[in-house]
Amino acid sequence: MPDSAGPLDGLLVADFSRVLAGPFAAMTLGDLGADVVKVERPGGGDDTRAWGPPWHGRESTYYLGLNRNKRSVALDLADEGDRALARSLGERADVLIESFRPGLMASWGLGGDALRERNPRLVSCSITAFGSSERAAGLPGYDLLLQAMGGLMSVTGEADGPPLKVGAAVVDLVCGLLAVAAIEAALVERERTGAGRHVEVSLLDSVLTALLNQGSGWVSARAEPSRRGNRHPSIAPYETYEAADRPFALAVGNDRLFGRLCEAIGRPELARDERFATNSARVAHLDALGEALEAVFRTRPAEHWVELLRAANVPVGPINRVSEAYALAESLGLAPVQEVDGLPLARPPVGTLRHRPPRLDEHGDEIRAWLARPR
């Protein structure tokens, strides 16, 4: 597919990160037009290349989902010759992203401060697990562990069931998005000052951010949240309900919508019941509210209630499988899938899909020759 310039066209990103948060951040910059050079270890490359099934041919779909719009070069950072090439890349780059344990890049002469001596406009970004303090340095940073240690699992799952992880790597995802925001803010600052800077984002900060209202409840009111299944701690009815054939999701965010709901299902008296007249009252009487609503919902299939409530402008939706979610996006004209060189990929929600994810060291010869030349 031919290149098409984006807002970050002309920007060079050196991606020394691995697995998810850093590669996602670098990929997003690539979607927006940056030239992203992915530095991988020789032999195996990024760990996600081996994470399967599922596979597309011999390629991990996990890797494919995180590395579009990049070029790949294999460099052994334990080798001084390859480290010299890596330093040459850092001295030419606009942005450098890394996710090694704190201090390791600096020990190789690849830390942001050292590189800025030759490249003062460099914006460097470190993605850490628990920060860069000495106590944090040895703690491993996998999404599952951060969901566990960061409190997210404690609020995920049924009230009488075990803690559960979210079905996608949301901590890494949030961290990657925060890294993009920090990097782009530093690039804007560079336009004003002419100088780059270092930014850092940790997975622990990211999961605490992702707790949103649950975290705010603890910080500001010392209210310890707990697992509530699909129920919301502060809004009702805002959960899933069982219909005659399967569950569906209902999101009633205010009293006006609750009145519409009650009228639509033929139970207008529920909106006048003092137990349900206000949101706070409904939250206090969730069990009674759930029993009253489900007694109605179990009489007809989910599709009936979705159609009926949508017609009444009540927020409602089916619980889709991933395939159904992509079909929904396609039906709404969002074109969520795009093919490049015969490979179907998720289309970037912002930016442009210009290149398929690279094979290991696919661009190695040209990049090494370029880095070996004097600037």
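The values are calculated or read from the model by the stated rules, or taken from the named source; none is laboratory data. For clarity, every value in this text was computed on a predicted model and none was experimentally measured. Note that each Cβ is placed from the backbone with ideal geometry, even for glycine, and that neighbours are counted across all protein chains shown. In case anyone asks, the SASA skips ligands and DNA or RNA and just uses the protein heavy atoms, side chains included. Shrake-Rupley method; radii C 1.70, N 1.55, O 1.52, S 1.80 Å.
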Inset, instruction - Quick one: pull the percent of accessible area on the chain belonging to carbon and sulfur, 1.4 Å probe, ligands and nucleic acids left out. - result: 54 percent
Inset, instruction - Find which of P344, G333, P315 sits farthest along the positive direction of the dipole of the range 300-348, computed with +1 on the beta-carbon of Lys and Arg, -1 on that of Asp and Glu, about the Cα centre. - result: P315
Legend entry - Distance (nanometres) between label positions extended 7 Å along Cα→Cβ at E339 and R58: 2.3 nm
Inset, instruction - Convert each backbone phi in the range 57-62 into a coupling constant with the Karplus relation 6.51 cos²θ - 1.76 cosθ + 1.60 (shift: θ = phi - 60°), then list the ³J(HN,Hα) values in order as whole Hz, x for Gly and Pro. - result: x, 9, 9, 5, 5, 4
Legend entry - Within-10-Å neighbourhood charge of G10 [Cβ basis; K, R +1; D, E -1]: -3
Inset, instruction - Any chance you could run the full-extension gain for D113 through N320? It's 0.36 nm times the residue separation minus the Cα-Cα distance, nm to one decimal. - result: 69.7 nm
Legend entry - Sequence-distant residues sharing a close amide H with H56 (under 5 Å, placed H): T61
Inset, instruction - Provide the per-residue ³J(HN,Hα) series for the range 366-375, in order, calculated from phi with Karplus coefficients 6.51, -1.76, 1.60 and θ = phi - 60°, each as a whole number of Hz, with x at glycine and proline positions. - result: 5, 6, 4, 5, 5, 5, 6, 7, x, 6
Inset, instruction - Would you work out which of A78, A137, T156 lies farthest towards the positive end of the dipole of the range 78-173? Charges go on Cβ: Lys and Arg +1, Asp and Glu -1. - result: A78
Legend entry - By accessible area with a 1.4 Å probe, ligands and nucleic acids excluded, highest first: order of R246, R267, R41, R354: R41, R246, R267, R354
Legend entry - Nearest-20 debye value, the chain charge dipole, Cβ charges on Lys, Arg, Asp, Glu: 340 debye
Inset, instruction - Report, in degrees rounded to the nearest 10, the 0 to 90 angle that the Cα long axis of helix 255-264 makes with the longest principal axis of the chain. - result: 60 degrees
Legend entry - Packing-based order for 247-253, 176-182, 19-25, 102-108, using average beta carbon neighbours within 10 Å, highest first: 19-25, 176-182, 247-253, 102-108
Inset, instruction - Using Cα pairs closer than 8 Å and at least 6 residues apart in sequence, work out the relative contact order for the chain, in percent. - result: 19 percent
Legend entry - GNM result for the chain, Cα springs below 10 Å: residue of T193, T28, T156 fluctuating most strongly: T193
Inset, instruction - Quote the relative contact order of the range 73-126 in percent (integer), defining contacts as alpha-carbon pairs under 8 Å separated by 6+ residues. - result: 38 percent
Inset, instruction - Once you've got the GNM for the chain with C-alpha springs shorter than 10 Å, pick whichever of H56, H355, H198 has the biggest mean-square fluctuation. - result: H56
